[in-house]
Amino acid sequence: MRSSVIVFPGSNCDRDIAMALEKLQFKNQMVWHKETKLPKSDLIVIPGGFSYGDYLRSGAIAGKSLIINEVIKSANSGCLILGICNGFQILTETGLLKGTLLRNKNLKFINKDIYINVMNNKTNFSNKYKKNQVLKINIAHNEGNYFTDSKHLDELKKENLIVFKYCDEKGNINENSNPNGSLENIAGILNKKKNILGMMPHPERMVEEIISNKDGVNLFSSLLN
Amino acid sequence: MKITDKIIEKHGLKIEEFENIKKLLKREPNLLELGIFSAMWNEHCSYKSSKIHLKKLPIKGKQVIQGPGENAGVIDVGDDDAIIFKIESHNHPSYIEPYQGAATGVGGILRDVFTMGARPIALLNSIHFGSPKHSKTKSLLNGVVSGIGGYGNCIGIPTVAGETKFNETYNENILVNAMAVGHAKKDKIFYSKAKGLNKSVVYVGSKTGRDGIHGASMASAEFDENSDEKKPTVQVGDPFTEKLLMEACLELMKDNSIISIQDMGAAGLTSSSVEMASKGNLGIEIELDKVPCREENMTPYEMMLSESQERMLIILEDGKEQEAKKIFDKWDLDFVVIGKTTKTNNLTLKYNNKIEGEIPIDALSSKAPIYNRKWIKKKPSKKQINLKDLKKIKIEDALIKILSSPNHSNKSWITNQYDQSVMCDTVQKSGSDAAIIRIHNKDKAIAVSVDSSANYCKSHPITGGKQIVSENWRNLVTVGAKPLAITNCLNFGNPENEEIMGEFAECLEGIKEACEYLDYPVVSGNVSFYNGTNNKNIHPTPVIGGVGLIKKLNKPLDHKFKNENNILLLIGKTFGHLEQSCFLKENFSIDEGMPPEINLLNEKNNGETLLKLIDKNLILSSHDISSGGLITALSEMSISSGCGAKIQKPKKLMNLLKYFFGEDQARYVVEINANNLSKVENILKDNDIYYDNIGYTQEEYLEIEGELKISTKDLFKINNEWYNSY
């Protein structure tokens, strides 16, 4: 499977995601933001970091960059797109995903291992997980507090577009297990066509036992499935 | 413009120093030249009060590739790998503007490391605040922590370890020390020494603004009630630009086009150009019209003294300009040839084709003043604390007081604001004795820790100096790393005061003794004097940042109890030294007497033997015993694991408070499997190590026979309350 990782000035999880993809046998290429053409890819990843310093608003400037037009074209033609952390923020800025990511409820940057519940395991990104499997995964963000309007929220629920929700160790989804104030504990969502996933947690940080755990591996192997 | 006494004083120079300048120039300097002298001759850049003492520190060793004098120190960690690291203070700016002060502290130390060709892999910090009750402490804490996080998180380098302490001595002068650690290939290390005539001097990075003018001079003066007026001299950080600058420099370094490179830190363009020329025994000519400026009508004076961040000076090989420029264009950064190396041995500054200033380089470097300031020895305190004179206290109450105190409370409120995991090589995060970072793509790792003990240093500087090196060494040993070398940040008060200068000289004496004995050389560092306000000086606070090597990375070793029914051994001898202990400070507000004695022979023997046990996989968890004594160490092992322990009372007749809270040095608690007991005991005996079998791990409760029984959940709660309610 061929993957492309888009590198913006200020991206800082680009190397991490490339390592994870290569570890899982993806044929990966890095694509600099000034490029006007994307290499042939089955998967495009928009990595975490602080694209353009997150000045103005997280993801706002990257959402208007040259290469993003190509990403939008590919997305519309059905290519799989994965946005992690800042990548998720960028995807909402382009309109490929609806809703927005607000400042964390406690108004502080949060980095820690939390738990997420796999709400939908019938997607390209999660088919190797069991339904309601609990994953221990790292978050690192200032703006991860997902919000959307009630119409879109209804759509997310009706179409089963919510892939991950924050939960506790046992899988309980409630206010205490919500690290950043996200609407209904949402941690990752799909677009209506289900080819685009945006998520705040970092699966690429969870692919090795010695560093953390391997809970992120199945996200990548789902894509290979 | 006539240089008056008032102008001289405003530049932080003494009248005698001005006379000396006139002698060196054989004429009176103009204002631009005076500004440059003031920038180079201040304490921060010239080390004029500290130099003769710093010379005594051990800086050599098999493991050392580059000692002090470069942007950072370099050590050999085997194969073709080198680790480059340094610690630096940003105390004064952080007190005036905590967010930017702390952020640019991180930015500055990162540049020191990537300038030498290393990709930074870890950040650490040591931050000291005044009493939590002081009106400014809360906002300073908030600002500093978000500044450190804001910079490190954005640039994408994990902040993996640190220490946060509170003491009224820092009420009016906080300490913010930042350490950066990078990894490079041994044959790809870049230095600041210029070579060759007529080579292009290139300016890269951010544009120059009016921020930070005379920042280094500010860091060389005491504060007074007007300190807030100094806000404009605090630099503003832009971690995004630094990220671009770092990537661009590392990209350029893959090629062989750089002769020398130096970041523009304190005293900006002035110190970087002088440093490069002086090391290369050359002159340097700069055309100031070419310097990229952020603001209009900047004068040569302002350009030379600006401390705008995220800038570098590079001397390039002939004909490499075009290729190099391409890289900086790609990253949207300025790249301008602003001058050349010359044979004049002068710093020559031109503006509109006119020479605006010309100073012999050696007048700014080797001929800068060096002072052998007067100092006096500290008299050892004879005060001994007799427990009989104090109110009776139960072990449980004293322990709760310690675990719930600001200095011992769990710091996840802070560390959760730092990205500790980015780069995917953080094997062990903060909260253990040392953090562990894997060398990328290899199965080896380094351990890093940063430590200080200002109370010990205050009461007896020589012992304090020895203690802090030893404790740092021990912290690396407990995670199974062989300690290799240190960097130090020496935070002291006013060196013109004989007592303060004495604290400095004697702390350094202690550091020297310990470093020599433990083969733990100093490879880089920084001195920060004038920490104080209105003649009130801070406690002497040398901060030690250590790096150790884990040759073969298996499971990382931490201080969490692993399982029930394992044996607990206390390595090292317990005497029950309570003077200067956290027990007396937290429970009785007593901080008198001598700190615990340091026996370097035991220190080394105990640590090296523990490393042998770790190498043989005989240790399940280990923790060094420091502030708060044995029972505090055991509590920390319980809290982090949720597993408890049952501890016997000592067989010898000793006061229980002394036994459990004494801060005797060179001690560790280790957890071992009962089946391995005889094996471990044999190794300890073979190496003449004193040890006690103190009990075993058990479910849920930390217990001392008949004296204490408290659940690990309660301990956790007690330990986690303070920050969240502050």
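The values are calculated or read from the model by the stated rules, or taken from the named source; none is laboratory data. From a predicted model like this one, the values you see are computed outputs, not experimental measurements. All Cβ positions, even for glycine, are placed from backbone atoms using ideal geometry, and neighbour counts span all protein chains on display.
The table below lists the values:
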| read-out | value |
| --- | --- |
| Sole exception among (1) touching a helix residue (DSSP H, G or I) at 6+ places or on another chain (Cβ under 8 Å); (2) surrounded by 15 or more Cβ atoms within 10 Å (Cβ to Cβ) for B:Asn352, by number | (2) |
| Per-region count, segment A:75-91, residues surrounded by 19 or more Cβ atoms within 10 Å (Cβ to Cβ) and either in contact with a Phe, Trp or Tyr (Cβ under 6 Å, 6 or more places away or on another chain) or more than 30 Å from B:Gly143 (Cα to Cα) (or both) | 6 |
| Test: residue in segment B:103-119 that is under 23 Å from B:Ser626 (Cβ atoms) and buried (at least 24 other Cβ atoms within 10 Å of the Cβ) | no |
| Any hit, segment B:235-255, residues being modelled with pLDDT of 95 or more, surrounded by 24 or more Cβ atoms within 10 Å (Cβ to Cβ) and not in a helix (DSSP H, G or I) | no |
| Selection from segment B:122-153 of residues that are among the hydroxyl-bearing types (Ser, Thr, Tyr), within 14 Å of chain A (Cβ to nearest Cβ) and more than 18 Å from B:Thr426 (Cβ to Cβ) | B:Ser146 |
| Members of segment B:500-529 found to be farther than 17 Å from B:Lys374 by Cβ and assigned to a helix (DSSP H, G or I), listed by number | B:Gly510, B:Ile511, B:Lys512, B:Glu513, B:Ala514, B:Cys515, B:Glu516, B:Tyr517 |
| Strands (runs of 3 or more DSSP E) (entirely within segment B:530-643) containing at least 2 residues that are in contact with a helix residue (DSSP H, G or I) (Cβ under 9 Å, 6 or more places away or on another chain) and of a type in the set (S, T, N, Q) | B:621-624 |
| Residue check for B:Lys429: away from chain A (no Cβ under 14 Å) and among the charged types (D, E, K, R) | no |
| Restricting segment A:92-133 to residues that are aliphatic (A, V, I, L, M) and more than 14 Å from chain B (Cβ to nearest Cβ), the residue that is nearest to A:Pro179 (Cα to Cα) | A:Ile116 |
| Close pairs (7 angstrom Cβ cut-off, 6 or more residues apart or separate chains): within 9 Å of chain A (Cβ to nearest Cβ) and in contact (Cβ under 8 Å) with a residue 24 or more places away in the chain in segment B:409-424, charged (D, E, K, R) and in a loop (DSSP other than H, G, I, E, B) anywhere | B:Gln417/A:Lys108; B:Gln420/B:Lys429 |
| Matching residues, segment A:1-21, being more than 14 Å from every other protein chain (Cβ to nearest Cβ) and not in a strand (DSSP E or B) | A:Met1 |
| Options B:Ile87, B:Ile65, B:Ile75, B:Ile83; residue that is surrounded by fewer than 23 Cβ atoms within 10 Å (Cβ to Cβ), closer than 17 Å to B:Asp112 by Cβ and at pLDDT 95 or above | B:Ile65 |
| Among residues of segment A:63-83, those that are assigned to a helix (DSSP H, G or I) and either farther than 17 Å from A:Lys192 by Cα or of a type outside the set (Ser, Thr, Tyr) (or both), counted | 12 |
| Tally, over segment A:158-180, of residues that are buried (at least 17 other Cβ atoms within 10 Å of the Cβ) and assigned to a loop (DSSP other than H, G, I, E, B) | 5 |
| Hey, A:Tyr146 over 30 Å from B:Lys326 (Cα atoms), crowded, with 24+ Cβ neighbours inside 10 Å, under 16 Å from the mean Cα position of the chain (by Cα) and of a type in the set (Phe, Trp, Tyr) or not | yes |
| Members of segment B:233-250 found to be away from chain A (no Cβ under 12 Å) and either closer than 15 Å to B:Gly149 by Cβ or of a type in the set (Phe, Trp, Tyr) (or both), listed by number | none |
| All positions within segment A:22-62 that are more than 10 Å from every other protein chain (Cβ to nearest Cβ) and in a strand (DSSP E or B) | A:Lys27, A:Asn28, A:Gln29, A:Met30, A:Val31, A:Leu43, A:Ile44, A:Val45, A:Ile46 |
| Unique match (being at pLDDT 95 or above and touching a strand residue (DSSP E or B) at 6+ places or on another chain (Cβ under 6 Å)) among A:Leu153, A:Leu161 | A:Leu161 |
| Of all residues making up segment B:312-343, the number that are within 14 Å of chain A (Cβ to nearest Cβ) and of a type outside the set (D, E, K, R) | 4 |
| Within segment B:471-499, tally of residues that are part of a strand (DSSP E or B) and within 18 Å of B:Leu600 (Cβ to Cβ) | 6 |
| Pair list, Cβ under 9 Å, 6 or more apart: segment A:70-81 residue more than 17 Å from A:Val7 (Cα to Cα), other residue buried (at least 16 other Cβ atoms within 10 Å of the Cβ) and of a type in the set (Lys, Arg) | none |
| Positions within segment A:181-204 being assigned to a loop (DSSP other than H, G, I, E, B) and in contact with a Lys or Arg (Cβ under 6 Å, 6 or more places away or on another chain), in sequence order | A:Gly181 |
| Filtered residues of segment B:261-288 (kept if buried (at least 24 other Cβ atoms within 10 Å of the Cβ), part of a strand (DSSP E or B) and touching a Gly at 6+ places or on another chain (Cβ under 7 Å)) | B:Ile284, B:Ile286 |
